[in-house]
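> Sharing a structure here in structure tokens format.
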Amino acid sequence: MSNAMWGGRYASGPAAVMEDINVSIDFDKRLYRQDIAGSKAHAAMLRAQGIVSAADEAAIQKGLDQVLAEIEAGSFTFKRSLEDIHMNVEARLAEIIGAPAGRLHTARSRNDQVATDFKLWVRDAVDGLDAQLKDLARALAEKALAEAATVMPGFTHLQVAQPTTFGHHLMAYVEMVGRDRTRLADARRRLNECPLGAAALCGTSFPIDRHATAAALGFDRPTANSLDSVADRDFVMETLAAATITAVHLSRLAEEIVIWCSSPFSFIRLSDAFSTGSSIMPQKRNPDAAELVRAKVGRVLGGFTAIVTVLKGLPLTYQKDMQEDKEPTMDALTSLSLAIAAMAGMVRDMSANAGVMKKAAGQGYSTATDLADWCVRSLDIPFRDSHHIAARCVGLASERGVPLHKLSLAELQSVDKRITADVFSVLSVARSVASRVSYGGTAPKNVRAQARRWLKKLAD
Ligand code: ARG
């Protein structure tokens, strides 16, 4: 059978493989809400402009409400022979209300329709992600406030570098999530222009009101160029680029959780709710959720790569290639949503092993910089020379097999006789972190102030 929507001069239906490659209903059925909302706005505008009668519009609105109800109730039969969500909805509308259904497609095309539907879907997804990221930031800041004075090693090159606090470390991710949210907000702001009414590609001769449909669908304004309206998928690329950065951030925290949970570290513990066992090794507590969050970035970057590759070199305007935008986008953003939810759950669940962290913070001569700084401050020695003195003290401590603060004053003075007992006041890890009060520094009072500032910002 030829297609009822566009098959006017087609004698036969498509080859089976043609249908297989052409159909999108299997995935674009997820656009049903947006598709029906777009059609309702379009129909209301057509009536307001005198393009369809009040009676026909009323029938269309009622019919569309019924289609929506059927889809939500699960009683709607999606037909592959009708290709996509747009034609499935319209065909069912025709079954329900008859002839007036044929007036809905006046002054529009599936090209502006799909661009509108997908923009609305991506916009909804962005709003959902933003709410989730806000929740994650809150979980991190709350944990950070509680752990503001919990000393842990700060790492560079994954070598113990200087003592920091667990709270300070978690607050680093609050900053990252904060930036992620501004990137999504920026993408949302730019995408919020309505393509509906661009029709196939050149606009229409009907006296439509694009400002009215744009406003009805919550867009800031209609898009200004009809060709761009149907050809543009920047909103997909931009959102997935922002999503990729977020997924990368999540993967870094996930990796740290995996490291912190492993028994040589044992910095944190995840409860049974976020751990899994091994079917052969009874002692195992695996951080599967963290590992999966770490891996999800593959799907998100994969989606970004897919859409950018599809669009590269694509001539204006709409090309069927663009149908390939939906599956990767939907998979990427749905995966990211799950990853954020799992991460927020883990952050709330994890508990710090403060003793283990503190002990590790003191290993690796992590207060050597404090010793050098003390020489600058108390002995007025230039930093470069102080660095050498501290390095020799580390050498001595390493020879003796003791931490820096376990060297005797005499031993320290054997390196430089100007050193006094006052130096011991900076060699402990607690003193080290407390002293780092520079703006953005690791001192617990700074961490508390930052955590409170963020919690206040995240409260509304
Ligand atoms: N299913 C199509 C898509 O997702 C809808 C637009 C089709 N337009 C057309 N002229 N064939 O892109």
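The values are calculated or read from the model by the stated rules, or taken from the named source; none is laboratory data. None of these values were measured; they are calculated from a predicted model. Cβ sites come from the backbone with ideal geometry, for glycine too, and all protein chains shown count toward neighbours.
> Run down 280, 257 and say which single residue is among the β-branched types (Val, Ile, Thr) and touching a strand residue (DSSP E or B) at 6+ places or on another chain (Cβ under 8 Å). Spell out the reasoning first.
Details: 280 fails: touching a strand residue (DSSP E or B) at 6+ places or on another chain (Cβ under 8 Å).
Unique residue meeting the criteria: 257.
> Name every residue in region 274-285 that is surrounded by fewer than 17 Cβ atoms within 10 Å (Cβ to Cβ) and not basic (Lys, Arg), in order of residue number.
Answer for region 274-285, where residues must be surrounded by fewer than 17 Cβ atoms within 10 Å (Cβ to Cβ) and not basic (Lys, Arg): 276, 277, 278, 279, 280, 281, 282, 283.
> List the helices (runs of 4 or more DSSP H) that sit entirely inside region 36-153 and contain at least 3 residues that are more than 30 Å from residue 12 (Cα to Cα).
54-73, 110-146
> Take the residues of region 10-32 that are under 30 Å from the mean Cα position of the chain (by Cα) and without any contact (Cβ under 8 Å) to a residue 60 or more places away in the chain: which is farthest from residue 106 (Cα to Cα)?
Taking the candidates together, the pick is 26.
> Is there a residue in region 69-78 that is modelled with pLDDT of 95 or more, out of contact with any Cys (no Cβ under 9 Å at 6 or more places or on another chain), of a type in the set (A, V, I, L, M) and surrounded by 13 or more Cβ atoms within 10 Å (Cβ to Cβ)? Can you show your working first?
Start the filter on region 69-78 by keeping residues that are modelled with pLDDT of 95 or more, which leaves 69-78.
Still in the running and out of contact with any Cys (no Cβ under 9 Å at 6 or more places or on another chain): 69-78.
Right, trim to of a type in the set (A, V, I, L, M) and you get 69, 71, 73.
With surrounded by 13 or more Cβ atoms within 10 Å (Cβ to Cβ) added as a condition, the list becomes 71.
Yes.
> Find the residue count for region 402-418, including only residues that are in contact with a Cys (Cβ under 8 Å, 6 or more places away or on another chain), part of a helix (DSSP H, G or I) and closer than 29 Å to residue 265 by Cα.
Of the residues in region 402-418, 1 are in contact with a Cys (Cβ under 8 Å, 6 or more places away or on another chain), part of a helix (DSSP H, G or I) and closer than 29 Å to residue 265 by Cα.
> In this structure, does residue 23 turn out to be over 20 Å from residue 124 (Cα atoms), within 16 Å of the ligand (Cβ to nearest atom) and of a type outside the set (D, E, K, R)? Lay out the reasoning, then the answer.
Numbers: over 20 Å from residue 124 (Cα atoms): yes; within 16 Å of the ligand (Cβ to nearest atom): yes; of a type outside the set (D, E, K, R): yes.
So residue 23 fits the description; yes.
> Still on this structure, I have one more. Just wondering, is there one or more residues in region 98-110 that are closer than 22 Å to residue 189 by Cβ and either of a type in the set (Phe, Trp, Tyr) or touching a Phe, Trp or Tyr at 6+ places or on another chain (Cβ under 6 Å) (or both)?
The answer is no; no qualifying residue exists.
> Is it fair to say residue 92 is more than 21 Å from residue 327 (Cβ to Cβ) and crowded, with 24+ Cβ neighbours inside 10 Å?
no
> Looking at region 215-227 only, could you name the residues that are surrounded by 16 or more Cβ atoms within 10 Å (Cβ to Cβ) and within 16 Å of the ligand (Cβ to nearest atom)?
Listed by number, the list holds a single entry, 226.
> Something else about it: Could you check region 330-343 and list, in sequence order, the residues that are among the aliphatic types (A, V, I, L, M) and either crowded, with 19+ Cβ neighbours inside 10 Å or farther than 30 Å from residue 142 by Cα (or both)?
Our first condition is that a residue be among the aliphatic types (A, V, I, L, M); within region 330-343, this holds for 330, 332-333, 336, 338-343.
Of everything in region 330-343, those that are among the aliphatic types (A, V, I, L, M) and either crowded, with 19+ Cβ neighbours inside 10 Å or farther than 30 Å from residue 142 by Cα (or both) turn out to be 330, 332, 333, 336, 339, 340, 342, 343.
> Further, regarding this structure: Kindly indicate whether residue 18 is crowded, with 21+ Cβ neighbours inside 10 Å and in a helix (DSSP H, G or I).
The answer is no for residue 18.
> Kindly provide the set of residues from region 193-214 that are surrounded by fewer than 21 Cβ atoms within 10 Å (Cβ to Cβ), part of a loop (DSSP other than H, G, I, E, B) and touching a helix residue (DSSP H, G or I) at 6+ places or on another chain (Cβ under 7 Å), ordered by number.
Across region 193-214, the qualifying residues are 200, 201, 202, 203, 209.
> From the residues in region 88-112 that are out of contact with any helix residue (DSSP H, G or I) (no Cβ under 6 Å at 6 or more places or on another chain) and hydrophobic (A, V, I, L, M, F, W, C), which one is farthest from the ligand (Cβ to nearest atom)?
99
> Kindly indicate whether residue 115 is within 12 Å of the ligand (Cβ to nearest atom) and within 33 Å of the chain's Cα centre (by Cα).
Judged against the criteria, residue 115 is a match.
> A further question follows. Somewhere in region 311-329, is a residue away from the ligand (no atom under 16 Å from the Cβ) and surrounded by 15 or more Cβ atoms within 10 Å (Cβ to Cβ)?
no
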